[in-house]
Amino acid sequence: MAGLSGRTLNRVAPDLVPDEIRDAFRVNADQTRQRNRALFDDLTRVIEALVDNSVEAIAFKGPVLAFQAYGDLGLGMFGDPRVLIRDCDLTRTIRTLGGLGYERRKQLTAAQLDLIHRLQGHETLLKKGLGVGVELHTRLMPVNMALDIDYAGLWRRARPSALSGRTMTTLSAEDDFLALAIDTGKDLSRRVDGACDLAALIGSHPNLDWAAILDRAGAQGCLRMVLLAAALARRFFGAAVPDAVTAAERDDPKVEPLVQRVVANWLVEEPDASRRSRLPLDRLRLHDGAGRRVRYVARALALPGPLHVARNPFPRLFTSLPSYIPIKILHDIAFFRLCGPAVTCYRRPTVSLMCSRPMSLRRLSCWSRPKRVSD
């Protein structure tokens, strides 16, 4: 948030900011811009190599979000570039990235890595010796999140975009919003920058088709995630959200308690054990409809996570989802017996950063939104 904070202070109260603080903000923005530019250049090379090997890829989040939402690479640390490909292109994509110096985690077998990718829907490949990565996605969320994402429609609506003189395929603005909202729901917005990104995306796309967003979210089972994300962006970053969305938010009694819990987590220095124990229940509340909630519970209880697969190497013949389901169930039973009372009773004291007025987060909305850029 340093880049946005510095720009806000320089615009609304430049005379009140000491010169050394303004210089520090400027240096931070320059360093951030340089790092994000390097990430964008790496992303460009990856996209070009995939095109040369007949692999269609969609670039999203990361430095692409910096252009599409903020119009400036110096306003935030956006992390590794994300690339969405089709399942059928996974092997060819990994081979192509290997030719560019990117590699999968060496400590796991290829079968383990394939299964973890299947469960998570993504993996990060790192460039040898540089620590630079690319996040390779075949889905927008882990398989245990019981959503029905319309990937065929997502690919159909994707379009070429000109970013800093480079052309690459990106999501439509409405699908970009849905992807960010799903990310917000997946981790229940543990970081305030997720809501900030959504607000910036809304501000840079004043013609968003909100009716299409609500229709797609309802059909895919993530409507409550969209309402939560829109509520956070509107209340704390001044995003302009239409009346139909705010009315749907008010009509859903589960949205407001979720908003309050998210904000409370933003204002606490360290999450306590009680928050961690609430996460699965809150994720359950975010799923639309009884059928999807049942599917989410069943998958959460039965499907292994990356750690179950990583810690239990099997021969390739047995490295499959059915092999790890009993391990996951037995692990959870043993963990509950050994640690259950401590987890349910333990409350770690935390150092509170609660403000006297939580709504003071509204002050962050004073930064002016940039226009959408195409070069």
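The values are calculated or read from the model by the stated rules, or taken from the named source; none is laboratory data. Fair warning: this is a prediction, and the values are worked out from it, not measured in the lab. For neighbour counting, all protein chains shown are included, and Cβ atoms are generated from backbone atoms with ideal geometry for every residue, glycine included.
Things worth noting here:
- Boolean, residue 178 is within 15 Å of the chain's Cα centre (by Cα) and either surrounded by 15 or more Cβ atoms within 10 Å (Cβ to Cβ) or not aromatic (Phe, Trp, Tyr) (or both): yes
- Of all the criteria given as (1) in contact with a Ser or Thr (Cβ under 7 Å, 6 or more places away or on another chain); (2) within 19 Å of residue 285 (Cα to Cα); (3) free of Cβ contacts under 8 Å to residues at least 40 places away in the same chain, the one not satisfied by residue 257 is (1).
- Selected residue (only one of 178, 140, 154 is at pLDDT 90 or above and assigned by TED's automatic domain parsing to the domain that holds residue 288): 178
- From the list 90, 84, the one residue that fits, being surrounded by fewer than 20 Cβ atoms within 10 Å (Cβ to Cβ), under 27 Å from residue 305 (Cβ atoms) and not assigned by TED's automatic domain parsing to the domain that holds residue 213, is 90.
- Which listed residue is under 27 Å from residue 303 (Cα atoms), aliphatic (A, V, I, L, M) and in contact with a helix residue (DSSP H, G or I) (Cβ under 8 Å, 6 or more places away or on another chain), from 125, 97, 113: 125
- Qualifying position, being among the polar types (S, T, N, Q), touching a residue at least 12 places away in the same chain (Cβ under 8 Å) and buried (at least 19 other Cβ atoms within 10 Å of the Cβ), among 184, 109: 184
- Going through (1) surrounded by 18 or more Cβ atoms within 10 Å (Cβ to Cβ); (2) more than 25 Å from residue 266 (Cα to Cα); (3) in the same structural domain as residue 268 (by TED's automatic domain parsing); (4) not charged (D, E, K, R) one by one, residue 202 falls short only on (2).
- When each of 165, 153 is tested for being out of contact with any strand residue (DSSP E or B) (no Cβ under 9 Å at 6 or more places or on another chain), surrounded by fewer than 17 Cβ atoms within 10 Å (Cβ to Cβ), within 26 Å of residue 291 (Cα to Cα) and in contact (Cβ under 8 Å) with a residue 40 or more places away in the chain, the lone residue that passes is 153.
- Strands (runs of 3 or more DSSP E) contained in the stretch 78-187 and holding at least 3 residues among the hydroxyl-bearing types (Ser, Thr, Tyr): 166-170
- Residue list for the stretch 3-61, filter: acidic (Asp, Glu), assigned to a helix (DSSP H, G or I) and more than 22 Å from residue 131 (Cα to Cα): 15, 19, 20, 23, 52
- Unmet requirement for residue 61, which otherwise passes all of (1) of a type in the set (Lys, Arg); (2) within 21 Å of residue 158 (Cα to Cα); (3) at pLDDT 90 or above: (3)
- Condition check for residue 114: over 28 Å from residue 36 (Cβ atoms) and surrounded by fewer than 17 Cβ atoms within 10 Å (Cβ to Cβ): no
- Scanning the stretch 82-94 finds one or more residues that are aliphatic (A, V, I, L, M) and out of contact with any His (no Cβ under 9 Å at 6 or more places or on another chain).
- In the stretch 209-240, residue surrounded by the most Cβ atoms within 10 Å (Cβ to Cβ) [restricted to those that are at pLDDT below 95 and not in a helix (DSSP H, G or I)]: 222
- Residue 76 vs. criteria at pLDDT 90 or above, out of contact with any Leu (no Cβ under 6 Å at 6 or more places or on another chain) and not charged (D, E, K, R): no
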